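Enquirer: I have a structure I would like to understand better, so I am pasting it below and will then ask my questions one at a time.
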Amino acid sequence: MLKQRLPLESVIGPEEAEAIAKLAQTLNQENSQIKLVESNGEEVLIPESVRSMLRDIVKKIASGQVIYLVPHNHELTTQEAADILNVSRPFLIKLLEEEEIPYIKVGKHRRIRFQDLMKYKENRDQKRGKALDELIQMSQEAGFYE
(Lines give C-alpha, C1' and ligand atoms only; values in the text may rest on other atoms or scores of the structure.)
Protein backbone atom coordinates (compact mmCIF):
# COMPACT_ATOMS: atom_id res chain seq x y z
CA MET A 1 0.00 0.00 0.00
CA LEU A 2 1.50 3.31 -1.05
CA LYS A 3 1.24 6.15 1.40
CA GLN A 4 0.11 9.29 -0.30
CA ARG A 5 1.99 12.42 0.66
CA LEU A 6 0.70 15.79 -0.36
CA PRO A 7 2.66 19.02 -0.46
CA LEU A 8 1.92 20.75 2.83
CA GLU A 9 0.87 23.95 1.06
CA SER A 10 -1.89 22.04 -0.77
CA VAL A 11 -3.46 21.06 2.55
CA ILE A 12 -2.99 24.27 4.54
CA GLY A 13 -2.17 27.90 3.79
CA PRO A 14 1.39 29.15 3.19
CA GLU A 15 1.58 31.03 6.51
CA GLU A 16 0.61 27.92 8.44
CA ALA A 17 3.06 25.81 6.41
CA GLU A 18 5.83 28.25 7.34
CA ALA A 19 4.85 28.07 11.03
CA ILE A 20 4.87 24.25 10.93
CA ALA A 21 8.31 24.24 9.29
CA LYS A 22 9.63 26.58 12.00
CA LEU A 23 8.02 24.44 14.72
CA ALA A 24 9.64 21.30 13.26
CA GLN A 25 13.02 23.04 13.26
CA THR A 26 12.56 24.18 16.87
CA LEU A 27 11.49 20.74 18.09
CA ASN A 28 14.55 19.15 16.41
CA GLN A 29 17.02 21.34 18.31
CA GLU A 30 18.91 19.25 20.84
CA ASN A 31 19.29 20.35 24.46
CA SER A 32 16.77 23.15 24.23
CA GLN A 33 13.78 23.57 26.49
CA ILE A 34 10.40 24.08 24.87
CA LYS A 35 7.80 26.09 26.78
CA LEU A 36 4.21 27.09 26.29
CA VAL A 37 3.41 30.65 27.22
CA GLU A 38 -0.10 31.22 28.51
CA SER A 39 -2.03 34.42 27.76
CA ASN A 40 -1.14 35.72 31.24
CA GLY A 41 2.59 35.25 30.50
CA GLU A 42 3.00 32.16 32.69
CA GLU A 43 5.39 29.61 31.17
CA VAL A 44 4.82 25.86 31.19
CA LEU A 45 7.79 23.59 30.41
CA ILE A 46 7.00 20.80 27.93
CA PRO A 47 8.42 17.45 29.16
CA GLU A 48 10.79 15.56 26.86
CA SER A 49 8.29 12.71 26.34
CA VAL A 50 5.68 15.17 25.04
CA ARG A 51 8.30 17.01 22.98
CA SER A 52 9.36 13.76 21.33
CA MET A 53 5.77 12.96 20.44
CA LEU A 54 5.18 16.50 19.13
CA ARG A 55 8.38 16.23 17.05
CA ASP A 56 7.09 13.04 15.39
CA ILE A 57 3.64 14.51 14.75
CA VAL A 58 4.94 17.78 13.32
CA LYS A 59 7.46 15.91 11.13
CA LYS A 60 4.66 13.81 9.65
CA ILE A 61 2.42 16.83 9.11
CA ALA A 62 5.29 18.73 7.47
CA SER A 63 5.84 15.83 5.05
CA GLY A 64 2.14 15.82 4.08
CA GLN A 65 1.10 12.68 5.95
CA VAL A 66 -2.30 12.31 7.57
CA ILE A 67 -2.18 11.88 11.35
CA TYR A 68 -4.64 9.95 13.50
CA LEU A 69 -4.42 10.07 17.28
CA VAL A 70 -6.06 7.00 18.76
CA PRO A 71 -6.02 5.93 22.42
CA HIS A 72 -3.99 2.74 22.94
CA ASN A 73 -6.93 0.48 23.87
CA HIS A 74 -9.44 2.05 21.49
CA GLU A 75 -11.90 -0.33 19.86
CA LEU A 76 -12.91 0.34 16.27
CA THR A 77 -16.12 -0.43 14.44
CA THR A 78 -15.81 -2.63 11.38
CA GLN A 79 -16.33 0.42 9.14
CA GLU A 80 -13.60 2.40 10.91
CA ALA A 81 -11.21 -0.55 10.63
CA ALA A 82 -12.06 -1.04 6.94
CA ASP A 83 -11.41 2.65 6.29
CA ILE A 84 -7.99 2.47 7.97
CA LEU A 85 -7.02 -0.57 5.89
CA ASN A 86 -8.55 1.01 2.78
CA VAL A 87 -10.67 -2.08 2.11
CA SER A 88 -14.39 -2.66 1.90
CA ARG A 89 -16.35 -3.50 5.03
CA PRO A 90 -17.39 -6.93 3.62
CA PHE A 91 -13.73 -7.74 2.92
CA LEU A 92 -12.83 -6.79 6.50
CA ILE A 93 -15.65 -9.00 7.83
CA LYS A 94 -14.16 -11.86 5.79
CA LEU A 95 -10.76 -11.25 7.42
CA LEU A 96 -12.40 -11.32 10.85
CA GLU A 97 -14.27 -14.54 10.11
CA GLU A 98 -11.06 -16.14 8.81
CA GLU A 99 -9.43 -15.11 12.14
CA GLU A 100 -6.83 -12.96 10.37
CA ILE A 101 -7.62 -10.14 12.80
CA PRO A 102 -8.82 -10.71 16.38
CA TYR A 103 -12.09 -9.07 17.40
CA ILE A 104 -14.67 -9.07 20.16
CA LYS A 105 -18.44 -8.92 20.00
CA VAL A 106 -20.38 -6.19 21.75
CA GLY A 107 -23.97 -7.32 21.45
CA LYS A 108 -24.36 -8.10 17.74
CA HIS A 109 -21.53 -5.79 16.71
CA ARG A 110 -17.88 -6.64 16.13
CA ARG A 111 -15.16 -4.43 17.58
CA ILE A 112 -11.48 -4.51 16.63
CA ARG A 113 -8.77 -3.27 18.97
CA PHE A 114 -6.67 -0.60 17.28
CA GLN A 115 -3.37 -2.30 18.16
CA ASP A 116 -4.60 -5.61 16.67
CA LEU A 117 -5.54 -3.83 13.46
CA MET A 118 -2.16 -2.11 13.27
CA LYS A 119 -0.37 -5.41 13.88
CA TYR A 120 -2.30 -6.99 10.99
CA LYS A 121 -1.57 -3.96 8.77
CA GLU A 122 2.14 -4.07 9.57
CA ASN A 123 2.33 -7.81 8.79
CA ARG A 124 0.37 -7.29 5.56
CA ASP A 125 2.65 -4.46 4.49
CA GLN A 126 5.76 -6.55 5.23
CA LYS A 127 4.40 -9.44 3.14
CA ARG A 128 3.59 -7.08 0.27
CA GLY A 129 7.06 -5.56 0.42
CA LYS A 130 8.69 -8.97 0.37
CA ALA A 131 6.54 -10.08 -2.58
CA LEU A 132 7.42 -6.89 -4.45
CA ASP A 133 11.14 -7.44 -3.79
CA GLU A 134 10.83 -11.01 -5.13
CA LEU A 135 9.01 -9.76 -8.22
CA ILE A 136 11.71 -7.17 -8.87
CA GLN A 137 14.41 -9.80 -8.46
CA MET A 138 12.64 -12.14 -10.90
CA SER A 139 12.27 -9.28 -13.39
CA GLN A 140 15.96 -8.44 -13.08
CA GLU A 141 16.95 -12.07 -13.63
CA ALA A 142 14.71 -12.20 -16.72
CA GLY A 143 16.31 -8.99 -18.03
CA PHE A 144 13.13 -6.90 -17.84
CA TYR A 145 14.27 -4.58 -15.07
CA GLU A 146 17.58 -2.77 -14.80
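Enquirer: Within the chain, what's the longest run with no trypsin sites (Lys or Arg not before Pro) in a DSSP loop and at most 10 other beta-carbon atoms within 10 Å? Give the range, please. It would help to have the intermediate numbers written out before the result.
Expert: Values: sites that count: Lys3, Lys108.
Here the longest run is 4-107.
Enquirer: Could you state the accessible area per residue of the range 1-141 in Å², with a 1.4 Å probe and every protein chain left in place?
Expert: Heavy-atom accessible area per residue stands at 76 Å².
Enquirer: Would you work out what percent of the accessible area of the chain, with all protein chains in place, is carbon or sulfur (probe 1.4 Å)?
Expert: Using a 1.4 Å probe with all protein chains present, the chain comes out at 53 percent carbon and sulfur.
Enquirer: Can you give me the long-range amide H partners of Leu76? Hydrogens built in the peptide plane at 1.01 Å from N, cutoff under 5 Å, separation of 5 or more residues or another chain.
Expert: Counting only residues 5 or more places away or on other chains, the set is Ile112, Arg113, Phe114.
Enquirer: Something else: Multiply the residue gap between Leu135 and Asp83 by 0.36 nm, knock off their C-alpha separation, and tell me the result in nm, one decimal place.
Expert: Gain on extension, Leu135 to Asp83, equals 15.9 nm.
Enquirer: For the charge dipole of the range 30-146, defined by +1 on Lys and Arg C-beta atoms and -1 on Asp and Glu C-beta atoms about the Cα centroid, which residue among Val66, Asn86, Leu45 has the Cα displaced farthest towards the positive pole?
Expert: Asn86
Enquirer: While we're on this one: Which lysines have a Cα lying under 25 Å from the Cα of Lys94, excluding residues fewer than 8 positions away in the same chain?
Expert: Within reach: Lys3, Lys105, Lys108, Lys119, Lys121, Lys127, Lys130.
Enquirer: Take the alpha carbon gyration tensor of the chain, find the square roots of its eigenvalues, order them as a ≥ b ≥ c, and report rounded if a/c is under 1.5; if not, report prolate when a/b exceeds b/c, else oblate.
Expert: On the way: a/c = 2.52, a/b = 1.39, b/c = 1.81.
Note, shape of the chain comes out oblate.
Enquirer: Less than 22 Å apart at the alpha-carbon level, and either on another chain or at least 8 residues along: which lysines does that give for Lys22?
Expert: Within the straight-line limit of under 22 Å, Lys22 reaches these lysines: Lys35, Lys59, Lys60.
Enquirer: Next question, about the same structure. Averaging over all projection directions, find the projected area of the Cα convex hull of the range 61-146 and quote it in nm² with one decimal place.
Expert: If you wrap the Cα atoms of the range 61-146 in a convex hull and average its projections, you get 8.1 nm².
The values are calculated or read from the model by the stated rules, or taken from the named source; none is laboratory data. Because the structure is predicted, anything quoted here is derived from the model rather than measured. Neighbour counts run over all protein chains shown; Cβ positions are idealised from the backbone, glycine included. Note: accessible area is taken over every heavy atom of the protein model, side chains too, but ligands, DNA and RNA are not part of it. Shrake-Rupley method; radii C 1.70, N 1.55, O 1.52, S 1.80 Å.
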